[in-house]
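Structure first, commentary second.
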Amino acid sequence: MDGSYSNKRYDGLVDDRVDEGVFRVDRSVYTSQRIFEDEIKHIFEKGWVYLCHESQIPDEGSYFAVDIGRHPVVVIRQKDNDINAFLNVCSHRGALLTPKKQGKARTLTCRFHGWAYSVDGRCVRIKNEKQGFGEENFDRSQYDLKPIAKIANYRGFIFGSLVNEVEPIKTHLGAASTWIDLMVEQSPDGLEVVPGSSTYVIRGNWKMQLENSVDGYHVSTVHRVFASTVRNREERDSLKGLKQTEGGRLVGTVPSGAYDLGNGHMSIWAEHTTPERRPIYKKKPWLESNLPAAKVEWILKKGRNLALFPNVMLMDNPSTQIRYVKPVSVNRAEVTVYCIAPVGEGTEARAARLRKFEDFYLTAGMATSDDMAALEDTMTGSRAMQARWNDFNRGLKTMTIGPDEGAKAVGFDPVSSSESWENETLFFGFYRRWRKMMSNIPD
């Protein structure tokens with residue numbers, strides 16, 4: 001197999017010859033408009049995607065507006081505390097129904113012609129209905145909102161699908177569910193999204209954002225300025241405890257690892273050299289009393305990044321975040337970041353978590369802007385199609401099939417394990433999933 005392109009299939013864009021020491025991806029997957037359009041139709045609109053966190057819709061009528069591919073969707077808390085989602089379009093002429101991204105309403109009223117819908121999707125009012133339709137027993141239910149095909153809640157994280165033909169959410173998440181558990185179980189009451197968010201646009205393909213989130217290889221290069229700036233600030237201001245930043249992974253070689261979790265999901269970890277600087281360390285006694293020792297070890301001493309195929313990343317490093325990516329075009333991706341934290345966290349720990357979030361995860365901080373510059377340079381370089389392939393072979397010779405000892409300790413079963421977060425074998429699973437969902441698409 002030489003990776004040659006086929007008009008009817010995208011298989012050849014992923015040159016998967018691991019037995020021969022080769023795994024590479026054709027750079028047209030980042031630059032082709034045709035490929036991008038097929039990704040929207042066959043990945044985002046035909047599989048599970050992340051929508052929001054349940055804490056963002058806490059009460060009856062609370063809503064959150066999001067997109068599944070080209071389809072605007074609104075997620076709404078119901079009267080029975082259940083969660084539902086509908087296409088966020090008026091059944092009359094297609095106008096959006098939500099006046100803002102997040103809010104609370106008894107009814108959703110179209111700003112165009114005034115049609116109104118209850119939180120359970122029923123069409124409850126049509127302006128001048130009698131004059132317009134003239135029927136005594138006019139059946140307004142024909143204009144009820146259209147629910148999405150599937151919605152699922154895994155420990156507070158809400159996922160949706162436009163089609164029924166998807167596996168159960170637990171099956172979809174597979175080994176990645178343990179990584180979500182390691183965040184959720186930091187509090188007996190779970191997690192909450194802290195008010196506020198930051199949205200920015202990267203001049204690059206959406207897949208680059210997923211790749212970068214679990215690429216440990218770039219950290220000591222791209223983030224060296226962050227590491228030196230934080231160190232100088234701490235020395236200048238004599239900062240101690242939670243006011244310091246855990247930075248061992250940025251400046252030296254620490255134990256680390258990477259996993260192909262299956263179904264396109266990927267994860268990396270690196271050991272914290274000064275875990276006492278992390279907000280969660282304040283809960284060390286509670287964690288040790290309520291969780292198995294292996295989980296406590298992972299929570300306190302291993303910084304973790306998880307990328308869930310295809311559109312969300314969960315990170316637990318200097319701070320904790322949800323990073324949501326929305327493909328806009330083949331060379332534009334909209335990214336929104338939220339700080340997520342254990343419910344009931346103490347004031348000192350919460351303040352430290354927010355300051356560390358600002359430092360690293362906001363574009364106004366000292367790390368994300370460097371990531372953006374690196375990705376945008378990569379996007380520009382990917383247009384040089386005479387240099388066709390992206391190579392993902394790093395770590396192939398030392399890759400372990402199945403779980404390593406760390407994975408076994410907390411009970412997840414990855415497709416493969418790697419002894420360093422600088423290795424790239426975790427990307428095999430991402431692009432195998434991509435290839436599977438993109439195959440057999442007619443011209």
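The values are calculated or read from the model by the stated rules, or taken from the named source; none is laboratory data. Remember, predicted model here, so these are calculated numbers, not experimental data. All Cβ positions, even for glycine, are placed from backbone atoms using ideal geometry, and neighbour counts span all protein chains on display.
Annotations
- Test: residue in the range 390-400 that is within 20 Å of the chain's Cα centre (by Cα) and either within 26 Å of T245 (Cβ to Cβ) or in contact (Cβ under 8 Å) with a residue 24 or more places away in the chain (or both): no
- Residue match in the range 122-136 (condition: in contact with a strand residue (DSSP E or B) (Cβ under 7 Å, 6 or more places away or on another chain), farther than 29 Å from D413 by Cβ and part of a loop (DSSP other than H, G, I, E, B)): no
- In the range 284-294, the count of residues that are closer than 24 Å to Y50 by Cβ and surrounded by fewer than 24 Cβ atoms within 10 Å (Cβ to Cβ) is zero.
- None of N128, N88, N84 is in contact with a Ser or Thr (Cβ under 7 Å, 6 or more places away or on another chain) and of a type outside the set (A, V, I, L, M) except N88.
- Residue within the range 224-246 that is closer than 27 Å to S416 by Cα, crowded, with 21+ Cβ neighbours inside 10 Å and modelled with pLDDT under 95 present: no
- If you filter the range 143-170 down to residues that are free of Cβ contacts under 8 Å to residues at least 40 places away in the same chain and not in a loop (DSSP other than H, G, I, E, B), you find that the one that is surrounded by the fewest Cβ atoms within 10 Å (Cβ to Cβ) is K170.
- Scanning the range 376-391 for residues that are under 21 Å from F428 (Cβ atoms) and surrounded by 12 or more Cβ atoms within 10 Å (Cβ to Cβ) gives T378, S382, R388, W389, N390.
- Candidates V73, V89, V66: the one that is among the aliphatic types (A, V, I, L, M) and either at pLDDT below 95 or part of a loop (DSSP other than H, G, I, E, B) (or both) is V89.
- Residue ranges of strands (runs of 3 or more DSSP E) in the range 294-409 with at least 2 members closer than 27 Å to F64 by Cβ and in contact with a Ser or Thr (Cβ under 6 Å, 6 or more places away or on another chain): 302-308, 332-342
- If the condition is being crowded, with 20+ Cβ neighbours inside 10 Å and assigned to a loop (DSSP other than H, G, I, E, B), then the range 171-181 contributes only A175.
- Of residues in the range 184-199 being closer than 30 Å to A373 by Cβ and in contact with a strand residue (DSSP E or B) (Cβ under 6 Å, 6 or more places away or on another chain), the one surrounded by the most Cβ atoms within 10 Å (Cβ to Cβ): V193
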